[in-house]
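These notes are about the structure you will find just below.
The values are calculated or read from the model by the stated rules, or taken from the named source; none is laboratory data. All values derive from a computational prediction rather than experimental measurement. No Cβ is skipped: glycine too gets one built from the backbone with ideal geometry, and neighbour counts run over all protein chains shown. To get the accessible areas, we keep the full protein, side chains included, count just its heavy atoms, and leave off ligands, DNA and RNA. Shrake-Rupley method; radii C 1.70, N 1.55, O 1.52, S 1.80 Å.
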Amino acid sequence: MAVKKVLKMGHKDLWACAVEVKNPFDDTLKLLIQDLIETMLDSDGVGLAAPQIGVLKRVVVFGVDKCERYPDVEPIPRTVLINPVISAIGDAMEEDWEGCLSVPGMRGRVSRYKTIKYTGYDETGDEISRIVEGFHARVVQHEVDHLDGIIYPLRITDLHNFGFSQDGFPEE
Ligand code: NI
């Protein structure tokens, strides 16, 4: 169990498609999950996907209690999600700013489904099925994108809405 190095955009593993986990009870998976949680907490992140620490398996972790990086948003329960599947509920999209531990210091505006259902398995092998919206839905869509080799800058449609966090940017 250790804090791992988070790969940065440009590393080939971040463009790869991660493979499904065959056995959610596997002991090696427990270590991976501990590493993901420790690394996420150490980096003060809201979520982390296994490919970001160089493990091409379909596992993500996310959650935030009181949010310093995003002070206006609802807390998200700490969740481990194995083999996640997302489906959109309705067509409504919402644009908002995102950041990523693999793209440090930068922010970009990304359109996501407002409401989604997500399913998967937790760290004990129990099924998770939730309908969520807003920031929670955004975080899950961002993390699951990592499993398909998609980093959020690929989803920015106007690159004026992408830049280094600094005085005056992003304007909110
Ligand atoms: Ni990310």
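Among 47, 108, 90, which one shows the highest mean-square fluctuation when the chain is modelled as a Gaussian network with alpha-carbon springs under 10 Å?
Answer for the Gaussian network model of the chain: 90.
Helix 27-42 versus the longest principal axis of the chain: what is the Cα-based angle in degrees, 0 to 90, to the nearest 10?
The answer is roughly 30 degrees.
If one takes the longest principal axis of the Cα atoms in the chain, at what angle in degrees, from 0 to 90 and to the nearest 10, does the Cα axis of helix 134-147 lie?
Helix 134-147 sits roughly 60 degrees off the main axis of the chain.
Which value, in Å² and to the nearest 10, is the accessible area of residue 93 when all protein chains are kept and the probe is 1.4 Å?
100
Give 12/114; 30/117; 8/114; 4/30; 8/117 a once-over and call out the pairs whose C-alpha atoms are over 20 Å from each other.
Going by Cα-Cα distance, 12/114; 30/117; 8/114; 8/117 fall outside the 20 Å limit.
For the chain, what class follows from the C-alpha gyration tensor (a ≥ b ≥ c being the square roots of its eigenvalues): rounded when a/c is under 1.5, otherwise prolate if a/b is larger than b/c, else oblate?
prolate
Relative contact order of segment 40-172: what whole-number percent is it, with Cα pairs under 8 angstrom and at least 6 residues apart?
In percent, rounded to a whole number, it is 23.
Rounded to the nearest 20 debye, what is the charge dipole size of segment 83-146 about its Cα centre when +1 sits on each Lys and Arg Cβ and -1 on each Asp and Glu Cβ?
240
Could you please state how large a percent of the accessible area of the chain is carbon and sulfur, counting protein chains only and using a 1.4 Å probe?
Taking all protein chains in place, the chain shows 51 percent carbon and sulfur surface.
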